[in-house]
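Engineer: Before anything else, here's the structure in question.
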Amino acid sequence: MQLRDKVAYVTGAASGIGKAIALRYAREGAKIAIADLNIDAAEAAAAEIRHAGGQAIGVAVDVTDEVQVDVSVAATVQAFGTVDILVSNAGIQIVHPVEDFTYAEWKKLLAIHLDGAFLTTRACIKQMKKAGNGGSIIYMGSVHSKEASVLKAPYVTAKHGLIGLAKTVAKEGGPHGIRANVICPGFVRTPLVDKQIPEQAQALGLSEADVIKKVMLKETVDGEFTTVADVAEVALLFAGFQSNALTGQSLIVSHGWNMQ
Ligand code: NAD
């Protein structure tokens, strides 16, 4: 077991990619805080882990709320003693041409992705430094951390921003054995993507099948979606790595979309 007795605080872990990471970490022996806006689904995911013999709690959090983030990280420490791994994963998508975004939509998207990453980092890194056992901070970026697509101005902006945050945290955390990295998935079939297929079809004047084939998977080597299991394996690599040799990096997992 690669993460035996490690404690992981995973945001957005009630659904999709975050949930798959939480379940994967639990199978490797980690104790998990499922931190999500949707507390019922968070409790259900935590119960799923416990039924499989693992340890997990559901904690309610809006990652854009300073107090809720601090309280939910404190609840995790109270339950499990510390936090060794942060996965800052909670996210949403809103698609429009740039001129059609309301200021409120722009700010909401940046707040969830960037303010959420900052607030959870601040709360967890304090605890990691206090405990003195190092740590791993993982941000959920995207291929959109590296390149742009139409209709996604705030998302692309936020996902690029996470790379800057990760590099800074990697430098500040290095002397304490705290690493920071970014995972950059291609398209993964989760509720976040299922919602945008009809929206993009309407905005681009394409069928839904063509949005998948000609927009989402066009640049992949094999026309395949990335899976939540693929992303969870990369999250395990970053969480379980044993030294500062792997820090400040961003790794694309996308069936070859955007090769570097
Ligand atoms: P999802 O919709 O399945 O899950 C997102 C989770 O985040 C939900 O459980 C939701 O309740 C939670 N959440 C939303 N706002 C929150 C808030 N303010 N506070 C706390 N929790 C909140 O989406 P997903 O596809 O699993 O996305 C997870 C992450 O992966 C996001 O950051 C997304 O940008 C990123 N990502 C997704 C894909 C993809 O194709 N699905 C690709 C690249 C990156």
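The values are calculated or read from the model by the stated rules, or taken from the named source; none is laboratory data. Given the structure is predicted, the values throughout are model-derived calculations rather than measurements. Positions of Cβ are generated from backbone atoms using ideal geometry, with glycine treated the same way; all protein chains shown enter the neighbour counts.
Engineer: How do the helices (runs of 4 or more DSSP H) wholly within segment 116-234 filter down when requiring 2 or more residues that are modelled with pLDDT under 95 and within 15 Å of the ligand (Cβ to nearest atom): which remain?
Structural biologist: 191-204
Engineer: Quickly run through segment 216-260 and pick out the residues that are within 26 Å of ALA201 (Cα to Cα) and among the aromatic types (Phe, Trp, Tyr).
Structural biologist: PHE225, TRP257
Engineer: Which one is farthest from THR11 (Cα to Cα), of the residues in segment 104-115 that are near the ligand (Cβ under 10 Å from one of its atoms) and in contact with a Gly (Cβ under 9 Å, 6 or more places away or on another chain)?
Structural biologist: Per the stated criteria, the residue is LEU109.
Engineer: State all residues of segment 235-249 that are touching a residue at least 24 places away in the same chain (Cβ under 8 Å) and not in a helix (DSSP H, G or I); if no residue qualifies, say none.
Structural biologist: Once the filter is applied, which keeps residues that are touching a residue at least 24 places away in the same chain (Cβ under 8 Å) and not in a helix (DSSP H, G or I), segment 235-249 yields PHE241, ASN244, LEU246, THR247, GLY248, GLN249.
Engineer: Here is a list: GLY173, GLY240, GLY248. Which entry is within 30 Å of ASP5 (Cβ to Cβ), crowded, with 20+ Cβ neighbours inside 10 Å and more than 15 Å from the chain's Cα centre (by Cα)?
Structural biologist: Exactly one of GLY173, GLY240, GLY248 is within 30 Å of ASP5 (Cβ to Cβ), crowded, with 20+ Cβ neighbours inside 10 Å and more than 15 Å from the chain's Cα centre (by Cα), namely GLY173.
Engineer: Given the condition buried (at least 18 other Cβ atoms within 10 Å of the Cβ), under 30 Å from GLY205 (Cβ atoms) and in contact with a Gly (Cβ under 7 Å, 6 or more places away or on another chain), answer yes or no: does some residue in segment 62-81 qualify?
Structural biologist: Checked against the condition, which is being buried (at least 18 other Cβ atoms within 10 Å of the Cβ), under 30 Å from GLY205 (Cβ atoms) and in contact with a Gly (Cβ under 7 Å, 6 or more places away or on another chain), segment 62-81 yields no hits at all.
Engineer: Failed condition for GLY53, given (1) without any contact (Cβ under 8 Å) to a residue 40 or more places away in the chain; (2) surrounded by 16 or more Cβ atoms within 10 Å (Cβ to Cβ), with all others met?
Structural biologist: Only one criterion is unmet by GLY53, namely (2).
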